[in-house]
């Protein structure tokens, strides 16, 4: 099996993720314009979050965390990896079909657990309806994630990274056709009427779009895996020793995923008692998820199979190089993104979202959440780099223990803070608990020896990356002040924001070149080599 080209893999996954996130922005801009931040928008975001919450158990989260290292070991040793993948696919599919049916029956309880503040008004019934329609997405996206794990392990990153684009294409098309009146608009929802009723119908169509998008994603990666020589077959699930081992490794990771969902649940519960807060946090989440997805998720997707295969081959030196370069490129791209979110959140939110039903008040609230998430962005990304050190060794218990500590920190700050500062406490808690998790992961990786040690090259460059990011932040603050009037002038605001973003990018790369924080020649060389 050919080695994974680490840097090329980062840019492949990151490039497709960027395309997906940009299209996701277009989707969210349309949703913000059509649904605003009112009851229908809040209902849709909560319903959409339900399958995405559980996908962290069954998809990119717990299940794949356990599946990829075991599958990588079988690929290295040639011990029938296709059979193992087919067994895992069939078992996971059977569990998820049952889980989806049960969740649909108990959807009101799930909605209450997510947003009890909705109880007693139209938001609750809307969320139950949207949730029952879209929850089947968890089945298709989880099976798609397993196929993606197969492709990533063999170094085929493009198809798996491109799959999320399909969901956004379908949702954008749904919104566009709904505005053209291509779908019937004769449904009724409680006391809603007029524009609110029209928005509720659009939310229903979006929920169906989520389900269709999941089917498309699964089809794309399944056929890609088959073309790569890994044709996954569906059969009646059988309990095998490999599946028992997979379940034992996955169980702690699922518990850790449960801890993460408790964090999200606490945040949404706090937000549900403030009108509009769930939508504000949802729109802010989309902004900080762009760099997190392009950098953090891309690094994690490539790093886990590469570390797993190197450790299986006893290549500790290569594993250390992989870990350090993942840290280096992650922070080189994440720190400037975090600085930008903190330096110009109002400019970003007002230009991207403020139109139609999305008001200036919504902009200010969302911008505050964006800045606070920006402070935590490096921590969210570093978690993606440090966790594979444990997962590649099939150690899912240690990260689970750390996640419990971070959960307690998050809950205490969010709940206690909400009594003093309201919904903002949920975002602050998320950021602080993320840094606590990073500190625990760094401390816990010390006994791993050479593989987890920081090398001299990374030590020399980290402070230069921080300095370059700080210079860029100062320039962005000044630029946002100078361009302030243009950022609110109709069509000119798009050009003004583009100019501000370009100024930040140029400033950062010039500063990085002067301080020697980045060497593009090294990146090009690494992409040509088998690293």
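The values are calculated or read from the model by the stated rules, or taken from the named source; none is laboratory data. Note that this is a predicted model, so its numbers are computed, not measured. Here the Cβ positions follow ideal geometry from the backbone for every residue, glycine too, while neighbour counts run over all protein chains shown.
Please determine whether any residue of segment 289-299 is closer than 24 Å to residue 78 by Cα, in a helix (DSSP H, G or I) and in contact (Cβ under 8 Å) with a residue 12 or more places away in the chain. Give the steps one after another, and end with the answer.
Residues of segment 289-299 that are closer than 24 Å to residue 78 by Cα, as a first pass: none.
Among the residues of segment 289-299, not one is closer than 24 Å to residue 78 by Cα, in a helix (DSSP H, G or I) and in contact (Cβ under 8 Å) with a residue 12 or more places away in the chain, which makes the answer no.
Pick from segment 89-109 the residues that are closer than 21 Å to residue 271 by Cα and touching a helix residue (DSSP H, G or I) at 6+ places or on another chain (Cβ under 6 Å): which of them is surrounded by the most Cβ atoms within 10 Å (Cβ to Cβ)?
107
Tally up the residues in segment 155-182 that are out of contact with any helix residue (DSSP H, G or I) (no Cβ under 6 Å at 6 or more places or on another chain) and modelled with pLDDT of 85 or more, please.
Total meeting the criteria: 2.
Quick check on segment 35-49. Is at least one of its residues assigned to a helix (DSSP H, G or I), modelled with pLDDT under 80 and either in contact with a strand residue (DSSP E or B) (Cβ under 9 Å, 6 or more places away or on another chain) or more than 20 Å from residue 266 (Cα to Cα) (or both)? Quick ask: steps written out before the conclusion?
Of segment 35-49, the ones assigned to a helix (DSSP H, G or I) are 35, 39-49.
If we keep only those that are modelled with pLDDT under 80 too, we end up with 35.
Adding the requirement that they be either in contact with a strand residue (DSSP E or B) (Cβ under 9 Å, 6 or more places away or on another chain) or more than 20 Å from residue 266 (Cα to Cα) (or both) leaves 35.
Yes, segment 35-49 contains a residue that is assigned to a helix (DSSP H, G or I), modelled with pLDDT under 80 and either in contact with a strand residue (DSSP E or B) (Cβ under 9 Å, 6 or more places away or on another chain) or more than 20 Å from residue 266 (Cα to Cα) (or both).
Between a residue in segment 207-219 that is within 22 Å of residue 42 (Cβ to Cβ) and any residue that is modelled with pLDDT of 90 or more and not in a helix (DSSP H, G or I), which pairs come within a Cβ distance under 8 Å, given they are 6 or more apart or on different chains?
Taking only residues 6 or more apart or on different chains, the pairs are 211/136.
Among (1) within 22 Å of residue 211 (Cβ to Cβ); (2) within 17 Å of the chain's Cα centre (by Cα); (3) crowded, with 21+ Cβ neighbours inside 10 Å, there is one condition residue 162 misses while meeting the rest; what is its number?
(3)
I need a count of the residues in segment 223-267 that are under 22 Å from residue 151 (Cα atoms) and surrounded by 20 or more Cβ atoms within 10 Å (Cβ to Cβ).
Count: 8.
Kindly indicate whether any position in segment 183-197 is within 27 Å of the chain's Cα centre (by Cα), part of a helix (DSSP H, G or I) and modelled with pLDDT under 80.
Within segment 183-197, none of the residues are within 27 Å of the chain's Cα centre (by Cα), part of a helix (DSSP H, G or I) and modelled with pLDDT under 80.
Can you name every one of the helices (runs of 4 or more DSSP H) wholly within segment 313-407 that holds 3 or more residues which are under 19 Å from the mean Cα position of the chain (by Cα), modelled with pLDDT under 90 and more than 20 Å from residue 428 (Cβ to Cβ)?
316-343, 360-391
Conditions: (1) within 30 Å of residue 70 (Cα to Cα); (2) touching a helix residue (DSSP H, G or I) at 6+ places or on another chain (Cβ under 7 Å); (3) surrounded by fewer than 23 Cβ atoms within 10 Å (Cβ to Cβ). Residue 382 meets all but one. Number of the miss?
(3)
Does residue 307 satisfy the criteria of being part of a helix (DSSP H, G or I) and surrounded by 24 or more Cβ atoms within 10 Å (Cβ to Cβ)? Let's see the steps before the verdict.
Working: part of a helix (DSSP H, G or I): yes; surrounded by 24 or more Cβ atoms within 10 Å (Cβ to Cβ): yes.
When the stated conditions are applied, residue 307 passes them.
Can you find a residue that is at pLDDT 85 or above and under 21 Å from residue 343 (Cα atoms) anywhere in segment 439-461?
no
Look at residue 69 and say whether it is at pLDDT below 85, under 24 Å from the mean Cα position of the chain (by Cα) and surrounded by 24 or more Cβ atoms within 10 Å (Cβ to Cβ). Full working, then the answer.
On the way: at pLDDT below 85: yes; under 24 Å from the mean Cα position of the chain (by Cα): yes; surrounded by 24 or more Cβ atoms within 10 Å (Cβ to Cβ): yes.
Taking the combined requirement at face value, the residue satisfies it.
Any residue at all in segment 416-424 that's within 30 Å of residue 497 (Cα to Cα) and part of a helix (DSSP H, G or I)?
yes
For the list (1) at pLDDT 90 or above; (2) under 23 Å from residue 283 (Cα atoms); (3) surrounded by fewer than 23 Cβ atoms within 10 Å (Cβ to Cβ), I need the number of the one condition that residue 412 fails.
(2)
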